Amino acid sequence: MKYFCSLALLMLFNQFVFSQALTPGTPESQGMSTVRLQRMDKVINEYVAKSYMAGVVVLVARNGKTVYHKAYGYDDISTKKAMDKNAIFRIASQTKAITSVAVMMLFEEGKFLLDDPISKYIPSFKNPVVLDKFNEKDSSYTTTPARREITIRDLLTHTSGIGYPMIGSKEAVAIYAKNNIPSGVDTPFNTLEDAINRLAKLPLAHNPGEKFTYGLNTDVLGYLVEVVSGVSFDEFLRMRIFKPLGMNDTYFYLPESKFNRLATLNTENKEKKVIKAPANVGEYSKAKGTYHSGGGGLVSTVTDYAVFLQMVLNGGKYNGKQLLSPVTVRMMTQNQIGDINLGYKKFGLGFAITTEKEAARVPPSVGTYDWGGYYGTTYWVDPKEGIIGLIMTQKVPNSYADLGDKFKVLVYQAITKLN
C-alpha cells in the first residue's frame, strides 16, 4: 500500500512538472552521464559487427528530456544503407498500449464500465464456450459453456481465454486457421467487424479470468472502439491520439511517400547470423489494407512512440493536451490480474508491471510498465526514475534478444543521481 501511495504521488508530480513536449536535454542536466551512456555504443556496435543484428535505434528520455537518441548499423545489410534514427518500424504488439489508451478514453466518457460483458456491445460474444476436447487430425472439437461472460477488463488484461493464431497454442492455431482468423500482423485484408464477429463464436482456451493467455483480445478492443465511438478504429486513433500528440509517422498503412522510410525486415540463417528477409515478407504496411489490428497493426518511429509514452508518464497530459486523467493512468499501470503471474511481472490494463522480484532481476524500478513487439521492438517507462527507454530493430526470429535487457543495464548504469 505504501508503494502505491508513493507511485500515485510520483504520477501527480510528473503530471505537473513534465507535462510539456518531450525536448532535447543533456544527460548531465538530468542526473545521467554522457560518458557512461556511450558504453551502449560499444555493446550495440558489437552486435552489429558480429552479425547478430543489422540495425538498431535507441532513445532514452529522463524527466521529459531526450538524453540519448542514436541509430546503429544498417537499415539494409545487402546495400549497406545506414540505419536512420527516424526510420519507421513495425511495432506489432506495441500497438496494444495505444489501443488500451483509446479504450480508456471512452471509459472516461462513461461509454461503458470495465466489468461490462463485451457482449453488451458486440452481441456475437454472448454465451461463450470453452474448449473441451480437440481432435488434432481434423481440428474438430467439443465445448462446454463458460462459467461467465468475457468482460472488457478481461480483454485489457489478456485473461479472456482468447488465444492467438500462429503464435498461440496448437489448438488455437489450428482452430483459428480453419476459420480464417487474422493474426493482425501481416494480415492486411478483412475487416474488424467480420473477423471479430467470427472469432466470437470460437471456443475459449479457458474460463474468463482464470489465466493470462496472450491473444487477440486487443483486436476485439479495437472493434469495441469502433462500435462505441461510431467512427472507424483507425480514424479514432488518428483524431484522438496521433493528431493531438503530433505522432505524424504512426500508421496502420503507410502513405506511399513514406515507403522508403520503412525499416528493412531481417531474419537469421542456420548459423544465427542476420540476413535480409525474403522479398515481400513483412511488407503488409505498404498495402492498401482494411484490417486495423489493435493488437499488432501499427508502424511508428522511436520518437513518435516516446511522445506517446511521455504522455502516459505525465499522467495523461502532453504539451497542454489532457488525453487521460492521471487517475485512469494509475489504474492502467497497477496490477489488474491479482494472483495470476506473468513470469515475475503482473499486468495492468495494457501494460506489464514490474514487481519486486522483477526489479531484483533487472534495473527498472518496481512499478515500471513495459511491453514489446514481435519484430524486435521494446519499451519501458519507469515512473520512479522518470525514465523512458526504447530500443527497436527488425528481426524475426532473433536469437540475440538479450540485447533488450543489456540495454536496460546500460541505461541505468549511466544514472548518477536518483530522482
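The values are calculated or read from the model by the stated rules, or taken from the named source; none is laboratory data. As the structure is a prediction and not an experimental result, all values here were calculated from the model. Backbone-built Cβ (ideal geometry, glycine too); neighbour counts: all protein chains shown.
Rundown of residues vs (1) of a type in the set (Lys, Arg); (2) over 18 Å from residue 309 (Cβ atoms); (3) in contact with a strand residue (DSSP E or B) (Cβ under 6 Å, 6 or more places away or on another chain); (4) touching a residue at least 40 places away in the same chain (Cβ under 8 Å), yes/no style:
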residue	(1), (2), (3), (4)
94	no, no, yes, yes
100	no, no, no, yes
123	no, yes, no, no
135	no, yes, no, no
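On the stretch given as segment 168-223, residues that are under 23 Å from residue 342 (Cα atoms), among the charged types (D, E, K, R) and over 18 Å from the mean Cα position of the chain (by Cα) total 4.
Return yes when residue 160 is within 20 Å of residue 299 (Cα to Cα) and touching a residue at least 12 places away in the same chain (Cβ under 8 Å) and no when it is not. No. Just one of (1) more than 23 Å from residue 218 (Cβ to Cβ); (2) in a loop (DSSP other than H, G, I, E, B) fails for residue 338. It is (1).
How about segment 142-207: which helices (runs of 4 or more DSSP H) wholly inside it have at least 2 residues that are out of contact with any strand residue (DSSP E or B) (no Cβ under 8 Å at 6 or more places or on another chain) and over 25 Å from residue 91 (Cβ atoms)?
Counting at least 2 such residues, we get 170-178, 192-199.
A quick yes/no check of all residues on (1) buried (at least 20 other Cβ atoms within 10 Å of the Cβ); (2) within 18 Å of the chain's Cα centre (by Cα):
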position: 308; (1), (2): yes, yes
position: 313; (1), (2): yes, yes
position: 318; (1), (2): yes, no
position: 322; (1), (2): no, no
position: 355; (1), (2): no, no
position: 360; (1), (2): no, no
position: 382; (1), (2): yes, yes
position: 390; (1), (2): yes, yes
position: 399; (1), (2): no, no
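Condition test on residue 241, is it in a loop (DSSP other than H, G, I, E, B) and either more than 17 Å from the chain's Cα centre (by Cα) or touching a residue at least 60 places away in the same chain (Cβ under 8 Å) (or both)? Judged against the criteria, residue 241 is not a match.
Entry remark, segment 48-97: residues being under 29 Å from residue 278 (Cβ atoms) and not in a strand (DSSP E or B) number 22 in total.
Looking at segment 259-275, which of its residues are among the charged types (D, E, K, R) and more than 22 Å from the chain's Cα centre (by Cα)? Correct list: 268, 270, 271, 272, 273.
Which residue out of 218, 250, 264 is modelled with pLDDT of 95 or more, in the same structural domain as residue 22 (by TED's automatic domain parsing) and of a type in the set (S, T, N, Q)?
Values: 218 fails: in the same structural domain as residue 22 (by TED's automatic domain parsing); 250 fails: in the same structural domain as residue 22 (by TED's automatic domain parsing).
After applying the criteria, what remains is 264.
Against the condition under 30 Å from residue 328 (Cα atoms) and free of Cβ contacts under 8 Å to residues at least 40 places away in the same chain, how does residue 170 come out, does it pass? Taking the combined requirement at face value, the residue does not satisfy it. For segment 150-167, filtering for residues that are surrounded by fewer than 22 Cβ atoms within 10 Å (Cβ to Cβ) and farther than 23 Å from residue 117 by Cβ leaves 2. Scanning segment 108-133 for residues that are part of a strand (DSSP E or B) and either surrounded by fewer than 17 Cβ atoms within 10 Å (Cβ to Cβ) or among the small types (Gly, Ala, Ser) (or both) yields 129, 132, 133.
Would you check if there is a residue in segment 350-365 being within 22 Å of residue 89 (Cβ to Cβ), at pLDDT 95 or above, assigned to a loop (DSSP other than H, G, I, E, B) and in contact with a strand residue (DSSP E or B) (Cβ under 6 Å, 6 or more places away or on another chain)? So far as segment 350-365 goes, yes, one or more of its residues are within 22 Å of residue 89 (Cβ to Cβ), at pLDDT 95 or above, assigned to a loop (DSSP other than H, G, I, E, B) and in contact with a strand residue (DSSP E or B) (Cβ under 6 Å, 6 or more places away or on another chain).
Being buried (at least 23 other Cβ atoms within 10 Å of the Cβ), farther than 30 Å from residue 255 by Cα and either modelled with pLDDT under 95 or not hydroxyl-bearing (Ser, Thr, Tyr) (or both) is the requirement here; does residue 224 meet it? Before the answer, list the steps.
Working: buried (at least 23 other Cβ atoms within 10 Å of the Cβ): yes; farther than 30 Å from residue 255 by Cα: no; either modelled with pLDDT under 95 or not hydroxyl-bearing (Ser, Thr, Tyr) (or both): yes.
In short, no.
Residues of segment 1-56 that are at pLDDT 95 or above and among the hydroxyl-bearing types (Ser, Thr, Tyr): 23, 26, 29, 33, 34, 47, 51, 52.
On inspection, residue 226 passes the criterion of being assigned to a helix (DSSP H, G or I) and in the same structural domain as residue 175 (by TED's automatic domain parsing). A Cβ distance below 8 Å, combined with a sequence gap of six or more or placement on separate chains, defines the contacts here; from segment 276-290, residues that are over 8 Å from residue 253 (Cα atoms) reach residues that are of a type in the set (Lys, Arg) in the pairs 282/90.
Any chance you could count how many residues in segment 392-419 are part of a strand (DSSP E or B) and under 14 Å from residue 92 (Cβ atoms)?
Narrowing segment 392-419 to residues part of a strand (DSSP E or B): 392, 395, 415.
Next, only the ones that are under 14 Å from residue 92 (Cβ atoms) stay: 392, 395.
Count: 2.
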